[in-house]
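Here the structure is laid out as structure tokens; the discussion comes afterwards.
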Amino acid sequence: MSPIDCLVIGNNQMGFGDYVASVAAMGKSSGAYRDLRWSYYEDGAGIVSCRDYVNRRQPAGRPDIGYDNILSATITYLATFLQRRGFSSAYINMFQEGKAELASLLRSGRVASVAITTTYYVSPLPLLEVVQFVRSVNPDVCIVVGGPFVDTQHKILSASSLRYLLAQIGANVYIVSSQGESTLVRVLRALRGAADFDSIPNLVFRKGESYVSTPLIQENNPLEDNLVDWSLFAPPADGKQRYMVMSRTARSCPFACSFCSFPQHAGAYKYLQPADVWRELDAIEALGGINSVTFIDDTFNVPPSRFEEILQGIKERHYSFKWNCNFRCQYATSGMTALMKEAGCEGVFLGLESGSNPVLLNMNKRVTAEQYLTGIAHLRDAGILTYASFIVGFPGETDDTVKETMRFIETAKPDFFRAQLWYYDMTTPIHRDAAKYDLKNSQFEWSHRTMNAKKAADWVDRLHNDVLASTWLPQNDFDFPSLFCLLSQGWELKDIKKIVGDFNRRVQDDVALPGASSGMAYADPRLLADAMFGFDDHVEN
């Protein structure tokens, strides 16, 4: 069998029970744990997530929903990039589901290097698990780690702290770049003996007992020159079929929201022209058996003129699959949403973040709640599923602004919603205004002049329990893609809402009952609402 220059390993979605245990170890009053708590209940046999709950109730003949159902855009892009530059590659789409295949490949002696992506990681735990597994099977293979997690840690940690973290992870080479694929190619050439690592920019690598850093140089890998070769991802010979794929038509984001560091890491906003988008979709259609495409662009419908041209082309091509995307609904018009529906759009993710205009202003969202209401109404009239995401506790948030958000959700009636505790990332633009808002601490344990994390988490609890016009969608071990996985299997939207609503009530009961099996002794938040939210807005830090 032929050698493999690079085995690419996709996301490690840790076992949910293990993940809950790791977060609970921070303390059950911690912001991180409370942000997680509405995603599971305990039934005596263990932790039950929404995914578990749905899978136990799948009609006969339908497969379980799992993370391997969706072919990762990181995998398809990177594997294509390597193949076009003369390197053989193989891939494991999802680490947990692909462990057996991964072990077999590592034992075969064919693999020269392993590349581990970190697109979805905010902590080193999933990465550590992958590296340790690879080392346990093949101690000698060269492990290369790159992606957003490495790039972010390089920005926020001191040199000594970074080296300590990298030593704990245990890879051979780390790529420090907002892109990194060209650097990986140079690493693979070096492994063939064409150069050494010292001459390659954008690296931190182990050399003896120490680490060497090379100069950082901005990569530029144009999207239009690196379209995915979908022929590389034909259904596998074992008959396992993935019904969903991800596609990327843009890089970065045209906005500069003050809670988000993504544009700073990703660079200037660049996007494919409509003709290139159609070429990709034609190739996906040619694979056969694809029921759903997720466009992972941060903002698929900007600029609107390009979006409408793409829609017209999709409509004319009559693809067999449906699609969904991230959507800025302030740009929605009745004509646009009608065309979206005709072109096969089944749903949109709406990063609304707040229903309060003062908070939206602080977030630099460049939109009003009234524009959101109009956009959601257009989407609803067109029959497009809507999922609205909110942040609770951003600087400037008060009891009154959260109540505005609650009223907004009840008025807008998105099909699904979630509310997250604000995560204070010090690499985001809002950190520049730390003194203005009297911001203290970080991550999920922050405070500022008008609210603290505990009070914001109390409000998240109330949103979960009291909002009736929209269905709360658990973020952990289910989330937005699972909706389209179920729709692609033939579920009706009303049945998805019912089963997710039933799960939410089980979670409410588990949290509310004193001495529940989770070990939490919460009183019912619905009974305590008046007492809980009766304090005034001043926060003692």
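Once amide H atoms are placed 1.01 Å from N in the peptide plane, what residues at a sequence separation of 5 or more from GLY355, or on another chain, have their amide H within under 5 Å of its amide H?
The answer is THR405.
Let's see if you can work this out: charge +1 on each Lys and Arg Cβ, -1 on each Asp and Glu Cβ, no other charges. What is the dipole magnitude of the chain about its Cα centre, in debye to the nearest 20?
Computed charge dipole of the chain: roughly 760 debye.
For the stretch 165-320, I need the span (max minus min coordinate) of the C-alpha atoms along each principal axis, in Å, sorted largest to smallest.
59, 46, 28 Å, listed from the longest principal axis down.
Considering the options GLY289, SER305, TYR319, tell which one lies farthest towards the positive end of the dipole of the stretch 266-333, charges being +1 on Lys and Arg and -1 on Asp and Glu at the Cβ, about the Cα centre.
SER305
How many nm is it between the label spots at SER123 and SER136, if each spot is 7 Å from the Cα in line with the beta carbon?
1.9 nm
Given DSSP loops and a limit of at most 13 other Cβ atoms within 10 Å, what is the longest stretch of the chain that contains no such GluC sites (Glu not before Pro)?
210-491
For GLN58 and LYS270, calculate 0.36 nm times their separation in residues minus their Cα-Cα distance, and state this gained length in nm to one decimal.
Residue separation times 0.36 nm, minus the Cα-Cα distance, leaves 72.2 nm.
For the stretch 16-85 and the stretch 343-364, write down the distance between their C-alpha centroids in whole Å.
Between the Cα centres of the stretch 16-85 and the stretch 343-364 lies a distance of 24 Å.
Based on the inverse mean of 1/r over its pairs of different Cα atoms, what is the Kirkwood hydrodynamic radius of the stretch 354-465, in Å?
So the Kirkwood estimate lands at 14.6 Å.
Quick one: 3J(HN,Hα) in Hz for the stretch 82-90, Karplus 6.51/-1.76/1.60 with θ = phi - 60°, rounded, Gly and Pro as x.
Once θ is set to phi - 60°, the couplings for the stretch 82-90 become 5, 4, 5, 9, x, 10, 6, 9, 9 Hz.
Of the options TYR211, SER177, PHE149, report the single residue whose Cα projects farthest towards the positive end of the charge dipole of the chain (beta-carbon charges: Lys, Arg +1; Asp, Glu -1).
Final value for the positive-end residue is TYR211.
Can you tell me the relative contact order of the stretch 1-96? Whole percent, Cα pairs under 8 Å, sequence separation 6 or more.
Computed over the stretch 1-96, the figure is 52 percent.
If you take the Cα Rg of the stretch 290-437 and divide it by 2.2 N^0.38 Å, with N the number of residues, what do you get? Write out the running numbers ahead of the final one.
On the way: Rg = 16.5 Å, N = 148, 2.2 N^0.38 = 14.7 Å.
So the stretch 290-437 has a normalised radius of gyration of 1.12.
Quote the FRET efficiency, to the nearest 0.05, computed for SER334 versus ASN226 with a Förster distance R0 of 45 Å and r equal to the Cβ-Cβ distance.
Given R0 = 45 Å and the Cβ-Cβ separation, E is 0.80.
Give me the Debye-computed log₁₀ of I(q)/I(0) at q = 0.21 Å⁻¹ for the stretch 237-321, equal point scatterers on Cα only, no solvent, two decimals.
Rounded to two decimals, the profile gives -1.00.
Please list, in chain and number order, the residues 5+ apart from VAL145 or on another chain whose amide H is under 5 Å from its amide H, with Hs placed from the backbone.
Under 5 Å from the amide H of VAL145 lie the amide H atoms of ILE116, VAL173, TYR174, ILE175, each far enough along the sequence or on another chain.
Please state the equivalent ellipsoid semi-axes for the stretch 1-154: what are the square roots of 5 times the Cα gyration tensor eigenvalues, largest first, in whole Å?
31, 20, 14
For the stretch 92-142, take N as its residue count and report Rg(C-alpha) divided by 2.2 N^0.38 Å.
Scaled against compact globular proteins, the figure is 1.10.
Whole number please: convex hull volume per residue of the Cα set in the stretch 348-391, in Å³?
57 Å³
Can you report the principal axis dimensions of the stretch 164-219 using only the alpha carbons, biggest first, rounded to whole angstrom?
Computed over the Cα atoms, the extents are 26, 26, 16 Å.
Pairs of Cα atoms under 8 Å, at least six residues apart: use those to get the relative contact order of the chain, whole percent.
13 percent
Using θ = phi - 60° and the Karplus form 6.51 cos²θ - 1.76 cosθ + 1.60, what ³J(HN,Hα) does each residue of the stretch 61-76 get, whole Hz, x for Gly and Pro?
My calculation for the stretch 61-76 gives x, 9, x, 5, 8, x, 6, 7, 5, 10, 7, 5, 5, 4, 4, 5 Hz in order.
When only Cα pairs under 8 Å and 6 or more residues apart are kept, what is the percent relative contact order across the stretch 341-448?
27 percent
Taking the dipole about the Cα centre of the chain, with the C-beta of Lys and Arg at +1 and of Asp and Glu at -1, give me whichever of PRO3, THR76, ASN364 is farthest to the positive side.
The listed residue farthest towards the positive side: PRO3.
What per residue convex hull volume, in Å³, do the alpha-carbon atoms of the stretch 101-224 yield?
With only Cα atoms used, the stretch 101-224 gives 127 Å³ per residue.
Compute the distance in nm between two label points, each set 7 Å from the Cα along the Cα-to-Cβ direction, one at LYS403 and one at SER442.
Label at LYS403, label at SER442, 3.5 nm between them.
Could you tell me the extents of the stretch 297-350's C-alpha atoms along the three principal axes, largest first, rounded to whole Å?
Principal-axis extents of the stretch 297-350 (Cα, largest first): 27, 19, 19 Å.
Computed on alpha carbon atoms, what radius of gyration and Dmax characterise the chain, expressed in Å?
In order Rg, Dmax, the Cα atoms of the chain give 23.4, 70 Å.
Whose amide H sits under 5 Å from the amide H of LEU203, counting only residues 5 or more places off or on another chain, with H placed in the peptide plane?
Those qualifying (amide H under 5 Å, at least 5 residues apart or on another chain) are VAL176, THR214.
Among DSSP beta bridges whose residues both lie in the chain, state the antiparallel percentage, nearest 5.
For the chain, the DSSP antiparallel bridge percentage is about 30.
Residue by residue through the stretch 344-357, which ³J(HN,Hα) values in whole Hz follow from phi under the Karplus form 6.51 cos²θ - 1.76 cosθ + 1.60 (θ = phi - 60°), with glycine and proline marked x?
x, 5, 9, x, 9, 9, 10, x, 6, 6, 7, x, 10, 4
Since every read-out is calculated from the coordinates, none of them should be taken as a lab result. Predicted model only: the values in this text are computed from it and were never measured. Cβ atoms come from the backbone with ideal geometry, glycine included; neighbour counts cover every protein chain shown.
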